[in-house]
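To keep things clear, I will list the structure first and then write my remarks on it.
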Amino acid sequence: MDNSIDVLMGNTPVAQRAPRERDSLAKPQLRAEHGVSMLVTTYADGNKDSFLFDTGVTIDGVLHNMNVLDVKGNELHAIVLSHGHTDHTRGLVGLIKRHGRPRIPIVLHPDAFLKRKNVFPDGHETEHIPPSQRDLEAEDVEIIEERGPTMLVGGQALVTGQIPRTTPYEKGSPAQVAWIDDQWQPDPWIHDDQAVIINVKNKGLVVLTGCGHAGVINTLNHARDVTGVSYIYAVIGGFHLTGPMFEPIIAPTLQALREFNPSVIVPEHCTGWRAMHLIAQKFPNAFVPNSVGTRMVIGA
Ligand SMILES: [Fe+2]
């Protein structure tokens, strides 16, 4: 799941677009929505492992796309939530009801359960409905609530846990407050924001971000620190550089991204059109546009 779809988009050496049949427009279509969900499959030593990273913003969107793409729920060994915001978590309960048994683990940071809203300078507010711990427990899922890193089943993917904030320009989401100790309190850092890291043989690290609230540069720095692997081969996901509040940090972010020099950059979701255009311009060989249903293949 991602914000956009273009069924005519061509393949690249990395991107395999969803197959189109001649009468495909008469069949159920893939849907785009303002949300993220990635099906991640790793292959190592003859073993295949799949998990879902985020679950989209509607209850049935990801389920629908899984049906269209013929993805079987029983292939999933875990569901990882990048953070608690609605556009990454609302599809969760529907997925678990349909595919969650037996006891699929849900990996998240405890702050993902915080009730939150954004209060903007002009006074308007937007609410974030967090995943419901009660609903999840009612479905008898295993909740792995972890502030630190978690290795997923099979040991092929690392969920980072909380990411240290070190750059001076990545400051979280200044407008956010959370309901803590019976009152609204500033919660700009979104500490639950975490990434997924996979070390691909002969390539380097593949880093997946949900919304990138930790800052994509903080995330890449942390990926290096936590793995000891220096080369970031690919970064895929939301970089959160959209709208008037975040566009000012596009320049320093892309400047720092230049030093990492990834071979593949797939900006999605909340990256925003200005940052996407600049990435396409400044990293013409690395930039890969996403479209819902695309399979990014990164192999040894
Ligand atoms: Fe998001």
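The values are calculated or read from the model by the stated rules, or taken from the named source; none is laboratory data. Fair warning: this is a prediction, and the values are worked out from it, not measured in the lab. Cβ placement follows ideal geometry from the backbone for every residue including glycine, while neighbour counts extend to all protein chains displayed. Side chains included, ligands, DNA and RNA excluded: accessible areas come from the protein's heavy atoms. Shrake-Rupley method; radii C 1.70, N 1.55, O 1.52, S 1.80 Å.
Give the separation of the Cα centroids, region 1-58 to region 223-300, in Å.
18 Å
With every protein chain present, what is the per residue accessible area of region 65-197 (1.4 Å probe, Å²)?
For region 65-197, the solvent-accessible area averages 48 Å² per residue.
Roughly speaking, what is the centre-to-centre gap between region 71-126 and region 131-190 when only Cα atoms are used, to the nearest Å?
So the separation of the two Cα centres works out to 10 Å.
Within a Cβ distance under 15 Å of TRP179, other residues only, what is the Lys/Arg minus Asp/Glu net charge?
-4
Once the other residues with Cβ under 9 Å from the Cβ of HIS109 are scored (Lys, Arg +1; Asp, Glu -1), what is the net sum?
Summing Lys and Arg as +1 and Asp and Glu as -1 gives -4.
Considering only the other residues whose Cβ falls under 11 Å of the Cβ of ILE236, what net charge follows from Lys and Arg at +1 and Asp and Glu at -1?
Summing Lys and Arg as +1 and Asp and Glu as -1 gives -2.
Out of all DSSP beta bridges with both ends in region 119-242, state the antiparallel percent to the nearest 5.
Percent antiparallel among DSSP bridges in region 119-242 is about 75.
For VAL266, what accessible area in Å² do you get when you roll a 1.4 Å probe over the heavy atoms of the protein chains, rounding to the nearest 10?
Estimated to the nearest 10 Å², VAL266 gives 0 Å².
Share of the chain's accessible area from carbon and sulfur, percent, 1.4 Å?
C and S fraction of accessible area: 52 percent.
Please list, by residue number, everything in region 225-250 whose backbone N is under 19 Å from a paramagnetic label point 7 Å out along Cα→Cβ of HIS277.
Counting backbone N atoms under 19 Å from the label point, the list is 239-250.
Out of all DSSP beta bridges in the chain, what portion is antiparallel? Express it as a percent rounded to 5.
That works out to approximately 60 percent antiparallel.
Taking 0.36 nm per residue of separation and subtracting the Cα-Cα distance, what length does fully extending THR12 through ASP140 add?
41.9 nm
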